[in-house]
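Everything on this sheet refers to the single structure shown next.
The values are calculated or read from the model by the stated rules, or taken from the named source; none is laboratory data. All of these numbers come straight from a predicted model, not from anything done at the bench. Because the Cβ atoms are built from the backbone with ideal geometry, glycine has one as well, and the counts that use them run over all protein chains shown. Remember, those area values only see protein heavy atoms, side chains included, never the ligands or the DNA or RNA. Shrake-Rupley method; radii C 1.70, N 1.55, O 1.52, S 1.80 Å.
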Amino acid sequence: MSTVDIREVGLRDGLQLEAPISLEEKLAILDAAVATGVRRVEVTSFVSPTAVPALADAEQLVAELGRWPEPAFSALVAGRGGARRAVAAGMADLEYVISASDGHSLANARRTTDEAVAAVPDIARLAHDAGGRLEAILAVAWDCPFDGPTAVSRTVDLARRAVDLGADELCFGDTIGTTVPGRVTELLGRVREACPDVELGVHFHNTRGAGLACVLAALQAGVTKIDASAGGLGGCPFAPGASGNIATEEVVYLLEESGVDTGVDLGKVLEAAAVVERAVGHALPSNLYRAGGPNRPRGRG
């Protein structure tokens, strides 16, 4: 494997737990993110502004995306209404969250998993009619804070159903940061068997320190699409204990130092993390950012 595609998710997942910041501050973060060279950016989510006030300006933010011809932009939706809002705002590439457990689905979207799956055809149609794609994101793919471990067979079945109903690609979320490399390779291997021609991505949290190890496990399983957040900011407001996205700069450092091309400028990612830190007004969890970057000991020579 020589190339990995990192999606910057700081503007959505990174900010959704934070106090609202201004549109100007978000545009500054977006400008810094684009400068890193990432190929994809998740810019916002079209969800209830009451539930997630930090992302209430989704339409206004999407209206500014014409400033940047690259990279590819996408937005998260939680249902048909959000998908209609996103498409009306000019966003064609959609990410639709399906919780792999009923407990998280009810807390996150006030409906069961089966009810969430039933909306896939309508949301796929909206994306496709707008010239875009639909990515089904399977949240709590490994563990749920309410229902406990998610059976591999359940996640695989949901993945297959989502594809059969119109999803173009899949992403698997370790929403509360509990999975480990062995479980990652097991699930992704089973999904590959069930959905052999579908692009797969992963979204890990570093809540318990295993996020980067899980990235390597995913790569070994043949997955090259990785979500990450500058500075490691982020988490899920509807999953107790969910915190700490894997940091974009740490993923880039790990992979580039291992001979895997990301196409991302590490120095620019560290600059982006500094922009994020100023905007949110508190320290970021990234170890590499706190260390000041990839400086190496000079020795005594």
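Structure data summary
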item: In Hz, Karplus ³J(HN,Hα) per residue of region 88-103 (6.51, -1.76, 1.60; θ = phi - 60°; x = Gly, Pro); result: 5, 7, x, 9, 9, 8, 10, 10, 10, 8, 10, 6, 6, 10, 5, x
item: For the chain: relative contact order, % (alpha-carbon pairs under 8 angstrom, 6 or more apart); result: 20
item: Accessible area per residue, Å², the chain with all protein chains present, probe 1.4 Å; result: 40
item: Accessible carbon and sulfur surface of region 18-133 relative to its total accessible area, %, 1.4 Å; result: 52
item: Whole-number percent relative contact order across region 103-174, with pairs defined as alpha carbons under 8 Å at least 6 apart; result: 39
item: Under-5 Å amide H pairs with Thr44, H placed in peptide plane, nonlocal only; result: Leu76
item: Estimated dipole of the chain in Debye, rounded to 20 [Cβ of Lys and Arg +1, of Asp and Glu -1, Cα centre]; result: 440
item: Per-residue [θ]222 nm for the chain (sum of -39500 (n - 2.57) over DSSP H runs n ≥ 4, rounded to 500); result: -11500 deg cm²/dmol
item: Alpha carbon centroid spacing (whole Å) that separates region 156-231 from region 20-71; result: 24
item: Per-peptide average of other Cβ atoms within 10 Å, ordering 269-279, 134-144 highest first; result: 134-144, 269-279
item: DSSP beta bridges in the chain [antiparallel fraction, %, rounded to 5]; result: 10
